[in-house]
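Contents: one structure, followed by commentary.
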Amino acid sequence: MPTPPLSNEPWDEHLIRYGMAFAPSLVAKARGTLLWDTEGKEILDFTSGQMCATIGHNHPRIVAAIREACEGALHLFSGMLSPPVVALSQRLAGMLPPRLSKSLFLSTGGEANEAAIKLAKMYTGEFEVVGFTGSWHGMTSGAQSVNYVAGRKGYGPMMPGSLALPAPNAYHCPVRHCRDACDGTCLEIGFDMVDAQSTGSLAAIIAEPVESSGGVIVPPDGYWRKVKQHCDKRGMLLIFDEAQTAFGRFGRDFAFQHFGVEPDILTLSKTLGGGLPLSATVVSDEIEAACHAKGYMHVTSHVSDPLPAHVALAVLDVLAEEGLNARALEMGKHLAAGLHYLKDKHEIIGDVRGFGLLQGVELVKDRETRAPDTATGRAITTRCMELGLSMNIVSVGVMSAIWRIAPPLTVSKAEIDRGIAILDQAIGEVLAQGRSVAAQ
Ligand SMILES: Cc1ncc(COP(=O)(O)O)c(C=O)c1O
């Protein structure tokens, strides 16, 4: 039984508000694609928790792995290794190209990116790190410095040498040049700007292969190859942050396999631990050896912890045994079809885009200007929750309001259909009240 709160509402009386509004009820139980609040109300989870529960909430294999880990060791001195940690390093090396052979296991995505940025700086001897507008890489200072979607304001200077490239957003072209198909002009302009601003110390680019919080931005064909060429020309390393895209959501173990570009450094997080905090930074033997020789240090209290590694091995087993890569593509098609049906029906939906089981739905005041309708989007999101569907609306500056829809890869067609029906009803009801009411 879950521990009941000590008193009734407001539940957040003793909690710091950390960014997003708290959901209206307390969640007591989670299984697969479903959640139940303390009143027993069932909620469909189309966000996979915070994008981590890719194999479904409380998968029996995760629960079993946690129990097994309790028979072994949960946590150790940071200099001690354990069988699950060694096995996970070997397992990842077996799944990745030979060049990505050495892993460091940490807890969160921010930490993995922090470690990656430090490796890139130490290896190249340079310090400038370039991110993409709309990117999200975490809340630790180094990672936050290359977040350009949110969370930058109010904390004083970011990490020196943080620069930005425009994300290839074809729906809202960042250089007001293309419409609906990115021809890569933004990338060339972006590198001109980076070169102009650089002090001559470019170390790395960090990027999500498909920006998620930035509005599900799928780059055009050949884009990452061009980025890699630009990196090579300048002696920069390419860091791919696959917090959300690794392990199935795009129908592959890693999204970079789809784009045909291997990063120099890969970071994995959310989807690796299946709901437990686990992240990895992966590099080549050469980078590892060079940084070790220079005294690389990234010790944390939970580096190489056995418990999450044990769980990650179970996550990788489930991915393979349940054929979740293929399932993500099949269910992604079904989800996209449902969303396109809603787009045909509701003018507020300006665009549906995505890949596999990561779909973005752009909400607009009108389809010509593409001005975001954030207020109505929020009202619909609230109504969805009342009707039993948890959705995430991401707002990218003044440019876009987007639902990022990403159910677990284990979602069924019936659950997708139910989610689409709830969305349909919620959009219809809120629009019937009028957008001005929604905005109040
Ligand atoms: C692409 C990406 N990278 C990194 C992070 C940060 O991960 P964490 O919140 O575990 O630090 C996130 C979190 O949303 C993310 O989406």
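The values are calculated or read from the model by the stated rules, or taken from the named source; none is laboratory data. Because the structure is predicted, anything quoted here is derived from the model rather than measured. Here the Cβ is made from the backbone with ideal geometry for all residues, glycine too, and neighbour counts use every protein chain on show. Note: accessible area is taken over every heavy atom of the protein model, side chains too, but ligands, DNA and RNA are not part of it. Shrake-Rupley method; radii C 1.70, N 1.55, O 1.52, S 1.80 Å.
Points worth noting:
- Annotation: L187 fulfils all but one of (1) open to solvent by 20 Å² or more (accessible area, probe 1.4 Å); (2) modelled with pLDDT of 95 or more; (3) of a type outside the set (S, T, N, Q); the unmet one is (1).
- Residue match in segment 422-429 (condition: closer than 22 Å to V210 by Cα and open to solvent by 40 Å² or more (accessible area, probe 1.4 Å)): no
- Within segment 351-368, the residues that satisfy the criterion of being among the small types (G, A, S) and in contact with a helix residue (DSSP H, G or I) (Cβ under 8 Å, 6 or more places away or on another chain) are G354, G356.
- Candidates in segment 226-277 are the residues that are open to solvent by 40 Å² or more (accessible area, probe 1.4 Å) and within 10 Å of the ligand (Cβ to nearest atom); of these, the one that is farthest from H75 (Cα to Cα) is K270.
- In summary, helices (runs of 4 or more DSSP H) completely within segment 82-145 and bearing 3 or more residues that are more than 15 Å from the ligand (Cβ to nearest atom), touching a residue at least 24 places away in the same chain (Cβ under 8 Å) and farther than 30 Å from M399 by Cβ occur at 83-95, 109-124.
- Every residue from segment 253-271 that is in contact with a helix residue (DSSP H, G or I) (Cβ under 7 Å, 6 or more places away or on another chain) and in a helix (DSSP H, G or I): F259, K270
This table checks each residue for (1) outside any loop (DSSP other than H, G, I, E, B); (2) among the β-branched types (V, I, T); (3) touching a residue at least 24 places away in the same chain (Cβ under 8 Å).
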residue	(1), (2), (3)
D183	no, no, yes
A196	yes, no, no
T199	no, yes, yes
P209	no, no, yes
G215	no, no, yes
R225	yes, no, yes
I239	yes, yes, yes
F247	no, no, yes
G251	no, no, yes
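- Every listed requirement among (1) in contact with a strand residue (DSSP E or B) (Cβ under 9 Å, 6 or more places away or on another chain); (2) within 23 Å of V394 (Cα to Cα); (3) loosely packed, with under 12 Cβ neighbours inside 10 Å is met by E42 save one, (2).
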